[in-house]
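Each remark here refers to the structure printed beneath this line.
Read the figures in this text as sums done on the coordinates, not as results from a lab. Note that the structure is a prediction, hence the values are computed from the model and not measured. All Cβ positions, even for glycine, are placed from backbone atoms using ideal geometry, and neighbour counts span all protein chains on display.
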Amino acid sequence: MFANGNSIIAEQQKQINNKIFQFITDYQSIIMMLYIPFYALLAKLIFLKNKLYNYTELLVVFMYAQAQYSIITAILTFTFIPLGVPFIIFSFLLIPLQFFYFAFCLKDVYHLNFTQILLKTLLFIFVLGFIVILISIVGIGLAILFKDSELIKSFIETQKAIQ
């Protein structure tokens, strides 16, 4: 009977994962556009000493870069997916492409040489890592704060059942 309960919970988890995947798939373009203010804010922090562009102008730069990246990825997707490349692998290969393309755009916008953009990229990785760690700490703090809530208990039970 316990194994049957685990399969029900595992099926519920699978349904939740499918709903999340479907939501992301349906609204991918909107989600990608929501990243633009975050990209502009990070660029403003990375290029803090360089007062060449304000935040609004960086929003425009990243809207342009995101639009160009979307066109590039659409062409690549329509080229490689029919050839049998698994979509999940293809998606992970596009992440470095986006990273390098945005670095290339910022290199042109700020008129940087290779060494300067490399140093700014390393600074970006450091700042992004700091933000991820900060968000993780806040998440852990919230989990500890709300550890007795029914939502957290049901999540823990679901994770135990899956294992």
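Key figures for this structure:
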| quantity | calculated |
| --- | --- |
| Degrees, to the nearest 10: 28-46 long Cα axis against longest axis of the chain | 50 degrees |
| Charge dipole magnitude, Cβ of K and R +1, D and E -1 - the chain, Cα centre, debye nearest 20 | 380 debye |
| Residues K107, K160, sorted so that the one with the fewest Cβ neighbours within 10 Å comes first | K160, K107 |
| Residue order, fewest to most beta carbons within 10 Å, for Y35, Y110 | Y35, Y110 |
| Global geometry of segment 1-92, whether rounded, prolate or oblate, following the gyration tensor of its Cα atoms and the 1.5 cut on a/c | oblate |
| Residue-averaged [θ]222 nm for the chain, counting only DSSP H segments that reach four residues, each worth -39500 (n - 2.57) | -30000 deg cm²/dmol |
| Positive-end residue, segment 2-162 charge dipole about Cα centroid, Cβ charges, pick of L45, I131, L58 | L45 |
| In the chain, lysine pairs with alpha-carbon atoms under 19 angstrom apart (chain gap of 8 or more, or interchain) | 10 |
| Isotropic mean projected area of the C-alpha convex hull, the chain (nm²) | 13.3 nm² |
| Tilt relative to the chain, helix 114-145 - C-alpha long axis, 0 to 90 degrees, to 10 | 30 degrees |
| Sum of side-chain charges, A65 neighbourhood, beta-carbon under 14 Å (Lys, Arg +1; Asp, Glu -1) | -1 |
